[in-house]
Amino acid sequence: MAMNRLKEMRLKHHLHQYDFEKLGFSATTYRKSEHGVRQVSWDEWRKLADFYQVSIPYLQENDRYLVNCKYCKAKFKVYSKEEFDEYKFCPKCSHKTLTKKKEKD
């Protein structure tokens, strides 16, 4: 399963994979990007985000999470499960009492 919203956005705008040749993507390249087989470069993400008029994190399906420390009540945001997993301890008080919940748009 793809870890981005490229196919969802393409279908929402009634486009075909070959429609992205004007942005520098062949149909094959775009298909591989949709399916997560091909790594999309930062410049390509920027072009696609500009084209769809959305943010890069939205296209990458990096959902935001609110992280709370149960000990000191500090709150901060992370943009992926992987980023949350990097926080072993609260950056404010150093306790390992972190919880996360998905932020609503």
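Readers should treat all values here as calculations from the given coordinates under stated rules, not as data from a laboratory. This one's a predicted model, so the numbers in the text were calculated from it and none came from an experiment. Reconstructed Cβ throughout: ideal geometry from the backbone, glycine too, with neighbour counts over all protein chains shown.
For the chain, leaving out every one of the GluC sites (Glu not before Pro) that falls in a DSSP loop and has at most 15 other Cβ atoms within 10 Å, the longest unbroken run is 1-60. Scattering from region 6-59 was approximated by placing one identical point on each alpha carbon and applying the Debye formula without solvent; log10 I(q)/I(0) at 0.19, 0.26 1/Å stands at -0.58, -1.18.
Listed by chain and number, the lysines placed with their C-alpha closer than 26 angstrom to that of Lys92 are Lys70, Lys73, Lys75, Lys77, Lys81, Lys100, Lys101, Lys102, Lys104; residues fewer than eight positions away on the same chain are left out. Label sites at Tyr18 and Lys101, each approximated as a point 7 angstrom past Cα along Cα to Cβ, lie 4.9 nm apart. Considering only alpha-carbon pairs that sit under 8 angstrom and 6 or more positions apart, the relative contact order computed for region 6-59 is 25 percent. Each residue in His16, His95 was given a count of other beta-carbon atoms within 10 angstrom of its own, and listing them fewest first yields His16, His95.
Only helical runs count toward this figure. For the chain, summing -39,500 (n - 2.57) over DSSP H runs of n ≥ 4 and dividing by all residues gives -8500 deg cm²/dmol at 222 nm.
Among Cys90, Cys72, the ranking by other beta carbons within 10 Å of each residue's beta carbon, starting with the fewest, stands as Cys72, Cys90. Placing a pseudo-label 7 Å from each Cα along the Cα-to-Cβ vector at Glu83 and Phe51 gives an inter-label distance of 2.4 nm.
Per-residue 3J(HN,Hα) values for region 31-48, derived from phi via the Karplus relation 6.51 cos²θ - 1.76 cosθ + 1.60 with θ = phi - 60°, read 4, 5, 5, 4, 8, x, 6, 10, 6, 8, 6, 4, 4, 5, 4, 4, 4, 5 Hz in sequence order (x marks Gly and Pro). For a straight C-alpha distance cut-off of 24 angstrom, the lysines reachable from Lys22 (same-chain residues fewer than eight places away being disregarded) are Lys7, Lys12, Lys32, Lys47. The structure shown yields log10 I(q)/I(0) by the Debye sum over Cα atoms at q = 0.12, 0.14, 0.18 Å⁻¹, and of the options (i) -0.57, -0.66, -0.86; (ii) -0.61, -0.80, -1.13; (iii) -0.52, -0.63, -0.84 that calculated value carries the label (iii).
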